[in-house]
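Asks: Can you keep this structure in mind? I'll have questions shortly.
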Amino acid sequence: MKTLASLLTATALTATSAQAVDLEVTHWWTSGGEAAAVAEFAKAFTEGTDNTWVDGAIAGGGGTARPVMISRITGGDPMGATQFNHGQQALELVEAGLMLDLTDVAEAEGWKDLVNPSSLLDSCTVDGRIYCVPVNIHSPQWIWLSNGAYEKVGLPVPTNWDEFVASGPALREAGIVPLAMGNQAWQSNLAFDAMAVAIAGPDAWVDVVSNKNVELARGDVYAKVFQAAADARSLREGSNVQDWNQATNMVITGEAGGQIMGDWAQGEFAVAEKVAGEDYTCLPGLGVNEVISTGGDAFYFPKNDDPAIEAAQKELASVMMSKAVQVAFNLKKGSLPVRGDVDLSAANDCMKKGLAILAAGNILPGLDQSLSPDAVGQIEDLMTEFWASESITAEDAQSRYADIIESAG
Ligand code: GAL
């Protein structure tokens, strides 16, 4: 006999009839663009199956949401499905036997032949079994520029990082914040990583984060990155916002000249009905090294005893991988699809730049695919301090960063 407690904890995963299931899905997509994108998943699942998507959005970004997701799963109050980034964030949950094996769905639908790059499916694979459905490719190494801000100061829109830095004084003179940046750890680290890929170069960045090359992390090449980041700190003064999309909005309104942010920023420009190439300009690799890293998002499904719920979980995985949903979701999300056999002719100029870089194979692993959550967390904490205060010199930050890379190795 089910106790009241077990009935209550099962509320998130109720089988309302023989097969129809209300499936709670948790994620951290709460900005305008993100909400528009996740609505495509919800619509396809609710309208295309007998089940219902119960939205479990958690505000505050991934750094806030993931601990909530993990504690619910380990605490016996699992949701039906949850977002994590490509990489190791759910590895311990999978290893603990708490997550649903999707290999039968993946094999029936041929994911191994569909998903590109294959590293996305590798990140879902533990001991040869597949535990997540990759849903997009997001790359963090972009800078988004306000064409209006540069028109206002009579300067051409920068074509690379150095031109952007050089435009700082003119923007400041006109009362425009040169560099918009929110105040969360992952945003500080994203900005630093994008600068490292641009200034040290993609090979050096991979050598440090993936191969843990501590000598390189301590050396002159990375000293240039830390010095550039120290110089860039002054560009962000006046950017008094918390969330990444608030910083994006500063660029949308021309209150700021630019923002280093992942290509999910496109979703915000789209919701604001801004046109890529006209209202804003995007520079992949900060206009220096045109690469994209294949980070992004995947959905995982906590195990459940009820076969109806498990069936609904596998249906959702299938819906998320389907061609039509891959197009509808990624066009709204500003990310690239995980499969190469879809028509993205509706993609805007910025997404087309990303697709061309992907097609050319100029790709890097995502940070979360290269470092453990613990190492990423330590670096994010360092970067929060570094970007917020001039009291930490470039040399100090570089030394502490190299120590973290050394212990991550
Ligand atoms: C990332 C995620 C993106 C994006 C961003 C900001 O971790 O991969 O989908 O939405 O967070 O919330």
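Asks: Shape call for the range 79-200 from the C-alpha gyration tensor, a ≥ b ≥ c root eigenvalues: rounded (a/c under 1.5), prolate (a/b greater than b/c) or oblate?
Replies: Because a/c hits 1.5 or more and a/b exceeds b/c, the range 79-200 counts as prolate.
Asks: For the residue pair V275 and D220, what label-to-label distance in nm results when each label sits 7 Å from Cα along the Cα-to-beta-carbon direction?
Replies: In this crude spin-label approximation the distance works out to 4.8 nm.
Asks: How do K323, K224 stack up against each other in accessible area, from largest to smallest, with a 1.4 angstrom probe? Each step should come with its number before you reach the end.
Replies: On the way: K323 100, K224 130 Å².
Accessible-area ranking of K323, K224, largest first: K224, K323.
Asks: Could I ask something else about it? Which net charge results for the neighbourhood of L358, defined as the other residues with beta-carbon distances under 14 angstrom from its beta-carbon, given Lys and Arg at +1 and Asp and Glu at -1?
Replies: 0
Asks: Which stretch or stretches of the range 267-295 have amide N atoms under 20 Å from the point lying 7 Å from E163's Cα along the Cα→Cβ direction?
Replies: 275-292, by backbone N distance to the label point.
Asks: Treating the range 252-405 as a set of equal point scatterers at the Cα positions, no solvent, please give the Debye-formula log₁₀ I(q)/I(0) at q = 0.12, 0.14, 0.21 Å⁻¹.
Replies: -0.73, -0.94, -1.33
Asks: For the chain, count the residues as N, evaluate 2.2 N^0.38 Å, and divide the Cα radius of gyration by that value, please.
Replies: 0.99
Asks: Also, quick follow-up: For the chain, what's the relative contact order in percent, using C-alpha pairs closer than 8 Å and at least 6 residues apart?
Replies: Relative CO of the chain lands at 26 percent.
Asks: Once you place label points 7 Å from the Cα toward the Cβ at L155 and A42, how far apart are they in nm?
Replies: 4.1 nm
Asks: To continue, here is another question. Starting from the Kirkwood Rh over alpha-carbon pairs, what translational D in µm² s⁻¹ does the range 39-94 have by Stokes-Einstein at 20 °C and 1.002 mPa s?
Replies: Taking Rh from Cα pairs, D becomes 168 µm²/s.
Asks: Roughly how tilted is helix 62-74, in degrees to the nearest 10 and between 0 and 90, from the longest Cα axis of the chain?
Replies: Approximately 20 degrees, to the nearest 10.
Asks: Evaluate the range 348-409: find the radius of gyration of its Cα atoms, find its Kirkwood radius, and give the ratio Rg to Rh.
Replies: Numbers: Rg = 16.0 Å, Rh = 13.9 Å.
Rg divided by Rh gives 1.15.
Asks: Using only alpha carbons, build the gyration tensor for the range 23-119 and give me the equivalent ellipsoid semi-axes, biggest first, whole Å. Kindly include the intermediate steps, with their values, before the conclusion.
Replies: Working: eigenvalues 88, 77, 45 Å².
The equivalent ellipsoid of the range 23-119 has semi-axes of 21, 20, 15 Å.
Asks: So what is the relative contact order for the range 218-306, in percent, with contacts set as C-alpha pairs under 8 Å and at least six apart?
Replies: Here the relative contact order equals 14 percent.
Asks: Using packing as a proxy for protection, rank 255-267, 147-159, 281-293 so that the peptide with the highest average count of other Cβ atoms within 10 Å comes first.
Replies: On the way: 255-267: 26.9, 147-159: 16.5, 281-293: 22.8.
Highest mean packing first, the order is 255-267, 281-293, 147-159.
Asks: Quick check on packing: order 130-136, 101-107, 184-190 by the mean number of other C-beta atoms within 10 Å, highest mean leading.
Replies: Numbers: 130-136: 25.7, 101-107: 17.1, 184-190: 22.4.
Listed from highest to lowest mean packing, they are 130-136, 184-190, 101-107.
Asks: How much accessible area does R236 have with a 1.4 Å probe, in Å² rounded to the nearest 10?
Replies: It works out to around 30 Å².
Asks: Whole number in Å², please: accessible area per residue of the chain, 1.4 Å probe, ligands, DNA and RNA not counted.
Replies: Accessible surface, normalised per residue, equals 39 Å².
Asks: Now, a different point. Run the count for the range 278-409, please: Lys pairs, Cα-Cα under 16 angstrom, 8 or more apart or on different chains. If you can, show how the numbers build up before the last one.
Replies: On the way: K303/K314; K323/K332; K323/K333; K332/K352; K333/K352; K333/K353.
Taking the Cα cut-off of 16 Å, the pair count is 6.
The values are calculated or read from the model by the stated rules, or taken from the named source; none is laboratory data. Source: prediction; values computed, not measured. Quick reminder, even Gly has a Cβ in these numbers, built from the backbone with ideal geometry, and neighbours come from all protein chains shown. With ligands, DNA and RNA removed, areas are computed over all heavy atoms of the protein, side chains included. Shrake-Rupley method; radii C 1.70, N 1.55, O 1.52, S 1.80 Å.
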